[in-house]
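Visitor: Take this structure, written in C-alpha cells, and hold onto it; I'll ask about it next.
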Amino acid sequence: MYEKELASAILTKTGQEVESLFEKPKDSKMGDLALPCFRLAKTMHKAPQLIAEELAPIINEEAFVSNVEVVNGYVNIRFNREEMAKIALTNLNKENIAQSNEGNGKTITIDYSSVNIAKPFHIGHLSSTVIGGALYRIFKHLGYNVVGVNHLGDWGTQFGKLIVATKKWSSLEEVQQNGIVFLNGLYVRFHQEAKDHPEYEDEARAEFKKIEDGDADAIKYYEVFKKITLEEVGKVYDRLKIKFDSYNGEAFYNDKMEACLDILKDKKLLIESDGAQIVDLSEYGMPPCLLVRSDGATLYATRDIACAYYRAKEYDFYKNLYVVAYQQNLHFKQIFKVLELMGFAKYADCEHIAFGMVSLEDGAMSTREGRVVWLKDVLDQAVEKARAIINEKNPDLEGKEKVAESVGIGSVVFSVLYNQRIKDIAFSYDKVLNFDGETAPYIQYAYARCKSILRKAVDIKLDNIDASLITDEESYDIVKSILNFKDEVQNAALAREPYIVSRHIMNLVGKFNRFYIDHRIIDQEENIKKARLALVSLTAKVIKEGLTLLGIDAPEVM
Ligand code: ARG
C-alpha cells in the first residue's frame, strides 16, 4: 500500500529505485511502513543514516504521510490515519473490494484435480482440487480469462483390468447400479487374484488393446467406468464449489501425439534406446524422458507434450499452470525441458504449481493396509463433527444442517489453504474444526458475529461517516487490513499461493476480535456508532470476499 507512490517520488528526486525495499512493521505502533536504507549505501555512497535523513523529507511531503522518523538507518513512516480511514470507507458501497481488471485480455489455463477414472477420488486429490479451485477464483477476480481443466487420467491399462474383473466377478449392470466404491472393489480384487493368476494381466492387456482399437463392446465398458467416476466426483466438486471448463483428459490427446513426435524426430531429439524412444536430458542433469515404449505405447509424458501444444493453440494462454503434487516435480521439469528443446514458444509460461502431501492424523482413518481414504468420506465426517459441535453450542440454530455443511466442508478446505502449498499437512478433524484455532469456523464465526451486529442496526444508514472516529489503534488496524486486502489478493495470484488470502482474513479476524473486546459498538453516541458499524460492515465484506475466493461459505448465523 502506497509503496509505489513513495518510491516514485524518491525516484524522481534522487534517481534511486526503492520500491522493493519497504518493510511493513508487524506492530502498527512501530509505524505503517519502514524504509531501510542499508542497501542504498552502495549506490548513494553514503552511510545509511545519512541516506535516511535525506529521504525522510521527500517522504514527508506526501499528503497521506503524517510523520516520519529517522532511526538507525531506517525511515519510519506513519500514515495519516484519518486519510486512510476515508479511503477505506469508500469501499462501503462497492460490491467487491479486491476485484480488478489487471488480467483483462490474458488467459490462464489451470490444470487441477485431474482425477483418474475408475480409481478412487481420495484424500490425495484434495489439495490439487482446492488449491486449483482457489487459484481459479483468484485469477478470475483479477480479470483474467481462466480456463479450468480437469486433465482426466482416462487412458491406461486400468481399464483393461476393470473389464476383466467386471466380466469375471460382476456385470456391467451391477457396476452401474453400485457405483464407484464397488468398482474400486473389483479393481482391488483384480490385483489380489492376479497374484495367483498372472494370465489375468494378459487378458487385461488384451481388453485394453480392444479399447485402443475402437472395439464397440470394450468402449461400452470404458464409457460406463468413466461415467460412474465422473458422477461421483461431480458430487464432491459441487460440495467443494469446484468447476471446470474442460474435461479434456489423457485420451483426448490420442490423436495429437503423432504431430509432436514428428517435431521431435525432425529436430533429431527422439532417439532409440532398447527399442523405446526417448529424449536424452543428461545434459540437463535429468534422466531421459520416455515418450514411446518398446511396444509402441505412448506415455503420460507424451500426452502432456501434446497437451501443452493443444492449450497454446486452443487458448493462446498467458500462463499454463499445473496444480500437481511435488512427487511429479521431475515429470514436469522433463516435459518443460523437452518443450523448450522442441522450440515450443511458450515453454517458459508453463508452471508446475507443486504442493505437499496430506496425511491423516486420526488413527480411525488410516491409509495402511491399502485402505483408501475416500474424499467423500472425509467431507462427510467433517460435516458430521461440525453438526455435533453446533448441536452442543447452539442447538436452536436455524438452518443447522446447512451451516454444518458449510462449516464442515469449509474446515477441510481451509486446512489445505492455510499454509504454503509445498508444506505437508497432517490432517486432524479436531484441529481443523477447533472454533478457537486458526480454522475456517473461527473465521466463519467472526463473520456471523459481524452480521449479527449489523442486523441489530439495520435502520441506521451508513453515510456521512466521520473518519476521525475510527483512528484509534484497534480501528486503524482494521482500516489498514481492509486497505491491504487488494494487494494481498494480487500477491496471492502472483505467488500462486491462496494461503496469502487465508492469512490475510485470519489476521483481520484477529484484529476485529481485539476491536470488539475493546470497543462497544451499538450503545454509543450516534456518530461513533455509525463509524464503528461501518468498520464492522467493511470487515464482514472482506471476510466474505476472502472466503468466497477460497471456496468457503460464510453463513450469516452460527
Ligand atoms: N492424473 C494425474 C494424477 O492423478 C494428474 C494429472 C495432472 N495433469 C497433467 N497434465 N499431467 O497423478
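Visitor: Among residues belonging to region 335-348 that are free of Cβ contacts under 8 Å to residues at least 60 places away in the same chain and either farther than 18 Å from ASP262 by Cβ or of a type outside the set (A, V, I, L, M, F, W, C) (or both), point out the one that is nearest to the ligand (Cβ to nearest atom).
Guide: PHE336
Visitor: Exactly one of these conditions fails for GLN177: (1) over 27 Å from ASN248 (Cβ atoms); (2) open to solvent by less than 10 Å² (accessible area, probe 1.4 Å). Give me its number.
Guide: GLN177 satisfies every listed condition except (2).
Visitor: Let me ask another. Are any of the residues in region 90-108 in contact (Cβ under 8 Å) with a residue 40 or more places away in the chain and within 16 Å of the ligand (Cβ to nearest atom)?
Guide: Yes - at least one qualifying residue is present in region 90-108.
Visitor: Of all the helices (runs of 4 or more DSSP H) wholly in region 142-225, which have at least 1 residues that are within 16 Å of the ligand (Cβ to nearest atom)? First the steps, then the outcome.
Guide: Values: elements: 158-169, 172-178, 180-196, 199-212.
Once the helices (runs of 4 or more DSSP H) in region 142-225 are filtered for at least 1 residues that are within 16 Å of the ligand (Cβ to nearest atom), what remains is 158-169, 180-196.
Visitor: OK, next. From the residues in region 342-361 that are over 16 Å from the mean Cα position of the chain (by Cα) and either open to solvent by 50 Å² or more (accessible area, probe 1.4 Å) or of a type in the set (Gly, Ala, Ser) (or both), which one is farthest from LEU494 (Cα to Cα)? Before you say what the answer is, go through the steps one by one.
Guide: If we filter region 342-361 for residues that are over 16 Å from the mean Cα position of the chain (by Cα), which is where we start, we get 342-350, 359-361.
Restricting the remaining residues to those that are either open to solvent by 50 Å² or more (accessible area, probe 1.4 Å) or of a type in the set (Gly, Ala, Ser) (or both) gives 343, 345, 347-348, 359, 361.
Values: GLY343: 26, ALA345: 22, TYR347: 18, ALA348: 15, SER359: 28, GLU361: 32 Å.
It comes out as GLU361.
Visitor: Given the conditions (1) in contact with a Phe, Trp or Tyr (Cβ under 8 Å, 6 or more places away or on another chain); (2) open to solvent by 60 Å² or more (accessible area, probe 1.4 Å), report the number of the one that ALA251 does not fulfil.
Guide: (2)
Visitor: Restricting to region 212-251, count the residues that are touching a Leu at 6+ places or on another chain (Cβ under 8 Å) and aromatic (Phe, Trp, Tyr).
Guide: Qualifying residue count for the region: 3.
Visitor: A further question follows. So, in region 115-155, how many residues would count as being open to solvent by 10 Å² or more (accessible area, probe 1.4 Å) and more than 26 Å from TYR187 (Cβ to Cβ)?
Guide: Of the residues in that region, 8 qualify.
Visitor: May I pose another question? Do we have LEU290 as more than 12 Å from the ligand (Cβ to nearest atom), part of a helix (DSSP H, G or I) and modelled with pLDDT of 95 or more here? So that I can check it myself, show each step before the final result.
Guide: Working: more than 12 Å from the ligand (Cβ to nearest atom): yes; part of a helix (DSSP H, G or I): no; modelled with pLDDT of 95 or more: yes.
No.
Visitor: Which ones in region 84-114 are open to solvent by less than 60 Å² (accessible area, probe 1.4 Å), part of a loop (DSSP other than H, G, I, E, B) and over 24 Å from ASP472 (Cα atoms)?
Guide: Our first condition is that a residue be open to solvent by less than 60 Å² (accessible area, probe 1.4 Å); within region 84-114, this holds for 84-85, 88-89, 91-92, 96-98, 100, 103, 107-114.
In the following step, the residues that additionally are part of a loop (DSSP other than H, G, I, E, B) were identified as 91-92, 96-98, 100, 103, 112-114.
Passing the criteria: ASN96, ALA98, SER100, GLY103, TYR112, SER113, SER114.
Visitor: Right, here's the next one. Is it the case that LYS209 is open to solvent by 70 Å² or more (accessible area, probe 1.4 Å) and either aromatic (Phe, Trp, Tyr) or farther than 28 Å from TYR112 by Cβ (or both)? If you could, list the steps in order and put the result at the bottom.
Guide: Numbers: open to solvent by 70 Å² or more (accessible area, probe 1.4 Å): yes; either aromatic (Phe, Trp, Tyr) or farther than 28 Å from TYR112 by Cβ (or both): yes.
Yes; evaluated as a whole, the condition is true for this residue.
Visitor: What are the residue pairs meeting all of these: first residue in region 364-383, first residue among the polar types (S, T, N, Q), second residue at pLDDT 50 or above and open to solvent by less than 30 Å² (accessible area, probe 1.4 Å), Cβ atoms under 6 Å, and 6 or more apart or on different chains?
Guide: THR367/VAL373
Visitor: Then there's this: Being open to solvent by less than 50 Å² (accessible area, probe 1.4 Å), in contact with a helix residue (DSSP H, G or I) (Cβ under 7 Å, 6 or more places away or on another chain) and more than 13 Å from the ligand (Cβ to nearest atom) is the filter here, so list the residues in region 293-334 that pass it.
Guide: Once the filter is applied, which keeps residues that are open to solvent by less than 50 Å² (accessible area, probe 1.4 Å), in contact with a helix residue (DSSP H, G or I) (Cβ under 7 Å, 6 or more places away or on another chain) and more than 13 Å from the ligand (Cβ to nearest atom), region 293-334 yields THR298, PHE317, LYS319.
Visitor: While we're on this one: Does GLU438 satisfy the condition of being farther than 30 Å from LEU494 by Cβ, open to solvent by 50 Å² or more (accessible area, probe 1.4 Å) and not polar (S, T, N, Q)?
Guide: Details: farther than 30 Å from LEU494 by Cβ: no; open to solvent by 50 Å² or more (accessible area, probe 1.4 Å): yes; not polar (S, T, N, Q): yes.
Spelling it out, it is not the case that GLU438 is farther than 30 Å from LEU494 by Cβ, open to solvent by 50 Å² or more (accessible area, probe 1.4 Å) and not polar (S, T, N, Q).
Visitor: Being crowded, with 17+ Cβ neighbours inside 10 Å, over 37 Å from the mean Cα position of the chain (by Cα) and of a type in the set (Val, Ile, Thr) narrows it down to one of VAL68, VAL75, VAL18, so name that one.
Guide: Details: VAL75 fails: over 37 Å from the mean Cα position of the chain (by Cα); VAL18 fails: over 37 Å from the mean Cα position of the chain (by Cα).
After ruling out the rest, the residue left standing is VAL68.
The values are calculated or read from the model by the stated rules, or taken from the named source; none is laboratory data. The structure presented is a predicted model; accordingly, all values stated were derived computationally and were not measured. Don't worry about glycine lacking a Cβ; one is built from the backbone with ideal geometry, like all the others, and counts go over all protein chains shown. Just the protein is used for accessible areas: all its heavy atoms, side chains included, with ligands, DNA and RNA removed. Shrake-Rupley method; radii C 1.70, N 1.55, O 1.52, S 1.80 Å.
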